[in-house]
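Take a look at the structure set out below.
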Protein chains: 2
Amino acid sequence: MNPFDLDETIHQRTRLGIMTVLYEAGEADFAFLKSTLDLTDGNLGRHIEVLAAAGYVATRRGYDGRRARTWVSLTPQGTSALRIEVDMLRDIVGRVQPSQN
Amino acid sequence: MNPFDLDETIHQRTRLGIMTVLYEAGEADFAFLKSTLDLTDGNLGRHIEVLAAAGYVATRRGYDGRRARTWVSLTPQGTSALRIEVDMLRDIVGRVQPSQN
């Protein structure tokens, strides 16, 4: 198996960020993801669509007072796919020395 | 700094594979890279162009008997850029538990 045959749906840097933040947060709303990852509405929305279409994340709509909010969380499928991606990254990381700076 | 602000020139999975294999091999020819990473001539050629344009790899042409061969190696700039990328991946890897399988 090609050790670099990474899942592009997750490996893409913004989506890797979204998946890792959701893994840690459990669930996060759009505003949190946007500010944490320094994204625009459009950019975040497109990446969430790709991840939801792959079955890796689920979204939930609700209200905070009168403000509509959208929460995002990893599905079990997303969690295991992220772990497989990170296992492969762990192998790559082990092959390269840390930088000095 | 956004911990997921990875250098797309290196982070793209095929180019990450090329850079890591070159880091380990020191220098490798096209045939070795193609077979190791399961790539086509066109695919490998395009990625090498992107990496060379960024100053991350250098290519050298030569002959093996009468057979023309192209060798590729990391530049010092490429080596340090790879280490920075891998440092960031090391941080991400530390945030996610290994998968059980």
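The values are calculated or read from the model by the stated rules, or taken from the named source; none is laboratory data. The structure displayed is predicted, hence computed values, not measured ones. Positions of Cβ are backbone-derived with ideal geometry, glycine not excepted, and every protein chain shown enters the neighbour counts. The accessibility values were calculated without ligands, DNA or RNA, using every heavy atom of the protein model including side chains. Shrake-Rupley method; radii C 1.70, N 1.55, O 1.52, S 1.80 Å.
What's the carbon and sulfur percent of the range A:8-90's accessible surface, probe 1.4 angstrom, rounded to a whole number?
On the way: 1990 of 4060 Å².
Summing carbon and sulfur atoms, their accessible area is 49 percent of the total for the range A:8-90.
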### Query
With Cβ to Cβ distances under 11 Å as the rule, what net charge do the other residues near A:Trp71 carry (K, R +1; D, E -1)?
0
### Task
Roll a 1.4 Å probe over the protein heavy atoms and report the accessible area of A:Asp38 in Å², nearest 10.
130
### Message
Taking the Cα of B:Glu8, stepping 7 Å toward and past its beta carbon, and measuring to each backbone N in the range A:13-30: which are under 14 Å?
### Response
A:13-16
## Note on the structure
Using alpha carbon positions and the Kirkwood radius, the Rg to Rh ratio of chain A is 1.04
### Query
What is the mean number of Cβ atoms from other protein chains located within 10 Å of the Cβ atom of each residue in peptide B:84-93, rounded to a whole number?
6
### Query
What figure in square angstrom, to the nearest 10, would you give for the accessible area of A:Arg95 with a 1.4 Å probe?
60
### Task
Compute the distance in nm between two label points, each set 7 Å from the Cα along the Cα-to-Cβ direction, one at B:Arg95 and one at B:Arg61.
4.5
### Query
Put a dot 7 Å past each Cα toward the Cβ at B:Arg69 and A:Asp29; how far apart are the dots in nm?
6.1
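Could you work out, residue by residue across A:31-42, how many beta carbons of other chains sit within 10 Å of that residue's beta carbon, and then give the average as an integer? Can you show the working numbers first?
Working: counts 0, 0, 0, 0, 0, 3, 4, 4, 2, 0, 0, 0.
The mean count of partner-chain Cβ atoms within 10 Å per residue comes to 1.
How crowded by other chains is A:2-8, given as the mean number of beta carbons from other chains within 10 Å of each beta carbon? Provide the component values of the computation, followed by the final result.
Values: counts 7, 5, 13, 5, 6, 1, 3.
Mean partner shielding for this stretch: 6.
In Å², what does the accessible area per residue of chain B work out to with a 1.4 Å probe?
Numbers: 5230 Å² over 101 residues.
Per-residue value: 52 Å².
Percent relative contact order of chain B, based on C-alpha pairs within less than 8 angstrom and at least six residues apart?
Values: 98 pairs, mean separation 30.6, N = 101.
With pairs under 8 Å counted, the relative contact order is 30 percent.
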### Task
Jot down the per residue volume, in cubic angstrom and as a whole number, of the convex hull over the alpha-carbon atoms of the protein assembly as shown.
133
### Task
Name the residue, out of A:Glu49, A:Glu24, A:Glu85, whose mean-square fluctuation peaks in a Gaussian network model built on chain A with Cα pairs under 10 Å.
A:Glu24
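Mean Kyte-Doolittle hydropathy of -0.5 or higher plus an axial Cα length of 15 Å or more: which whole DSSP H helices in chain B meet both?
Working: long enough: B:13-25 (18 Å, 0.34); B:41-53 (18 Å, 0.07); B:76-93 (25 Å, 0.12).
Membrane-span-like by this criterion, though nothing is claimed about a membrane: B:13-25, B:41-53, B:76-93.
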